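Working notes for the structure below.
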Amino acid sequence: MSTPTPAPDWDPRDPAVLQDPLRAYDTLRGRCPVAYSDYLRWSLFRHDDVLRVVLDAEGFGNAVSAHVSIPNGMDPPEHTPWRALIEPYFAPERLAAFAPAAHAVARELAQGLPHGELEFMDGFAHECAVRLLCAFMEWPHAVREPLRQWTRRNQQATLSGDREAMAAVAFEFDGQIRAQLDACRRQPGRDDATSRLLRETIDGRPLRDEEIVSILRNWTVGELSTLAASIGILAWYLATHPAVQEELRAHAELLRPAIDEILRIHPPLLANRRVARHTVRLGERTVAAGERITLMWASANRDEAVFGDPDAFRVDRDPALNLLYGAGLHVCPGAELSRLQLRIVLQELLAATDLIAPVAGRAPVPAHYPASGFSLLPLSLRRPAALDVRQAM
Ligand code: HEM
């Protein structure tokens with residue numbers, strides 16, 4: 001007997017939810033922590049429910065889509081060798097080797113910022129994310145604009161739920177990446193990440209092009225959407241919390257925990273999916289086998305039961321409780337790369353300014369699901385006089 005479809009408890013695409021997702025999720029966490037919607041099916045808003053699901057890979061699977069998605073759409077045992085294959089790309093020595101290039105990208109952009117007002121997302125955050133990705137991957141400048149366009153269309157297609165549009169956008173991305181594979185094949189001596197992927201083997205055979213494209217699509221989404229959102233969120237937080245801004249200007253060693261904490265308060269990634277393998281009780285609700293579950297990171301990380309006041313900024317929290325980069329088998333392999341890049345971006349941004357402030361009368365415009373952060377972020381920057389003199393020379 002099939003389980004009847006529950007009546008919706010909420011609508012993730014309701015304009016009020018899209019306008020202020022964090023407040024809407026905060027309310028649902030108290031009112032209906034395991035909530036059904038036609039769009040996302042079962043959404044989990046509480047920290048302990050999300051953690052229970054991500055730590056139980058037997059009970060909850062990741063293979064939610066018919067499309068290959070390496071490694072996040074896979075379950076063990078298939079997931080295990082792919083995960084082992086990609087982890088070395090984010091090893092500490094690789095990240096240390098990349099740090100000077102990341103500083104160069106962030107410094108050039110930060111020092112080119114105007115004195116006065118700017119729209120920070122287009123004027124800095126998106127550009128910074130795309131350039132950092134291209135620097136990490138050693139991809140040519142020519143792919144920056146197509147990647148920027150692709151990220152925008154990918155988010156629009158995901159929000160609309162239009163499967164054809166999503167497939168078309170994926171196809172477009174594949175074309176860009178295949179061109180990079182061809183370029184690497186023409187220069188067999190190269191040692192960049194794409195060339196190394198071309199030399200990898202799995203089960204004793206080389207990777208197929210569509211597998212490399214899938215791996216790189218995962219990295220690109222992490223880098224372009226989530227990193228750009230994070231940069232915007234961090235800049236807005238500093239602009240609206242001048243005491244934190246001052247403290248971080250004086251104490252660079254606090255940047256790492258402060259960044260993780262600000263992104264706990266205002267998460268750059270709203271959600272990920274799972275599928276229930278068996279009929280299961282979650283909270284007070286029964287979720288049928290085969291049902292789709294949405295892990296609401298953006299709510300779990302603000303759960304009062306774990307963090308007290310979700311908006312209280314504290315750099316001494318237990319890092320293990322912060323689900324910014326997930327937990328369990330699928331925990332983000334790019335977490336240390338992200339942390340490094342965000343620290344470098346903030347260092348360079350703080351060095352290139354002596355004040356980041358909101359613009360009176362011009363509030364930011366929130367980004368819409370599945371994106372987080374802001375689509376428009378007006379900020380006012382005060383540049384140190386010494387920097388302007390250096391630039392004028
Ligand atoms: C602020 C930036 C980022 C955040 C907040 C973030 C967050 C996350 C989270 C929460 C997961 C777990 C997903 C799940 O359990 O279903 C995840 C997985 C993943 N992330 Fe990130 N990520 C970020 C940046 C990156 C970057 C820069 C890369 C690579 C260049 C990356 C690559 C991946 C991959 C490949 C997975 C799937 C891992 C697996 O399934 O084993 N992420 N990320």
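Given R0 = 35 Å, the distance between the Cβ atoms of Tyr39 and Glu145 translates into a calculated FRET efficiency of 0.65.
With an 8 Å cut-off on Cα pairs and a minimum separation of 6 or more residues, tell me the relative contact order of the chain in percent. Once normalised by length, the contact order is 26 percent.
Sorting 315-324, 337-346, 133-142, 20-29 by their mean Cβ neighbour count within 10 Å, with the most densely packed peptide first, gives 337-346, 20-29, 133-142, 315-324. Note on Val365 and Ala91: the extension gain reaches 95.0 nm, defined as 0.36 nm multiplied by sequence separation minus the Cα-Cα distance.
Taking the Cβ-Cβ separation of Ala7 and Arg186 as r and a Förster radius of 51 Å, what is the calculated FRET efficiency to the nearest 0.05? Efficiency for this residue pair is about 0.30.
For the pair His115 and Gln19, label points projected 7 Å from Cα toward Cβ lie 3.9 nm apart. The length gained by stretching the chain between Arg382 and Ala101 to full extension, at 0.36 nm per residue less their Cα-Cα distance, is 98.6 nm. Taking a span of 30 Å or more along the helix axis (Cα atoms) and a mean Kyte-Doolittle hydropathy of at least 1.6 as the rule, no DSSP H helix of the chain qualifies. On the basis of the beta-carbon distance and an R0 of 56 Å, Phe171 and Glu246 show a calculated FRET efficiency of 0.70. For Val331 and Asp354, the difference between the fully extended length at 0.36 nm per residue and the C-alpha to C-alpha distance is 4.7 nm. Using Cβ point charges alone (K and R +1, D and E -1), the dipole size of the chain about the Cα centre works out to roughly 380 debye.
FYI, it's all coordinate maths here, none of it is from the lab. Bear in mind the structure is a predicted one, so any value in this text is a computation, not a measurement. Glycine also receives a Cβ, built like all others from the backbone with ideal geometry; neighbour counts cover every protein chain displayed.
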